Amino acid sequence: ILSIAIGLAGMVYAFSIFKHQFFRKGISNVLPNINSTVSNLAYGGSGNSFHGFHFFGFMIFFLPWGVFTALFRPLPFDVHNAFMALAAAEGTILLVLVISAIRHRHLIQLRDPVIAWALTYLLCWSLLYGFVGYANLGMEVRERLEAMPILVLLALLFGTKNGRKLAREVTDAQR
């Protein structure tokens, strides 16, 4: 109960900081603040040109590309230097594993609370970092380390033959 109370207090404090940062002059100032924050990150050799979000609907439209960017980019067509080439190889391997996992999905395994938590964590993380990751791919590669263990484990679990066999055995044992 104490940990829940501390967690709620932390969430209230974080929201007050967020509210102070983005809602300082009302709701109409949110979009310019987001545009300013993301534009300030688009610098350096791995920065992408960012033209800003003109309305909230465009942000919603951008979400799938932002999620893809947060999880897999840079890809080979983004390469400008040796570091990006390594990051592109990493992103390409992850993309191939995730495509394999999607092709061989077994929805029964989504009932497992750990798998559901991991997928929810990845979705929430990628929704948040999708906006800022697009502006600077170098920063995105460093920030992806927060979600990399979960992404790699899920991709290996569902994207490889041995991983799928192990997942089926665990699912059968739980029945």
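Bear in mind that the values in this text are calculations on the coordinates, not laboratory data. Keep in mind the model is a prediction, meaning the values are calculated, not measured. Note that we place each Cβ from the backbone using ideal geometry, even for glycine, and neighbour counts take in every protein chain shown.
Packing-based ranking of 90-97, 61-68 yields 90-97, 61-68, ordered from highest to lowest mean Cβ neighbour count within 10 Å.
Close amide-amide hydrogen proximity is noted between N136 and N48, each under 5 Å apart and 5 or more residues distant or on a separate chain (H modeled in the peptide plane; Pro and chain starts excluded).
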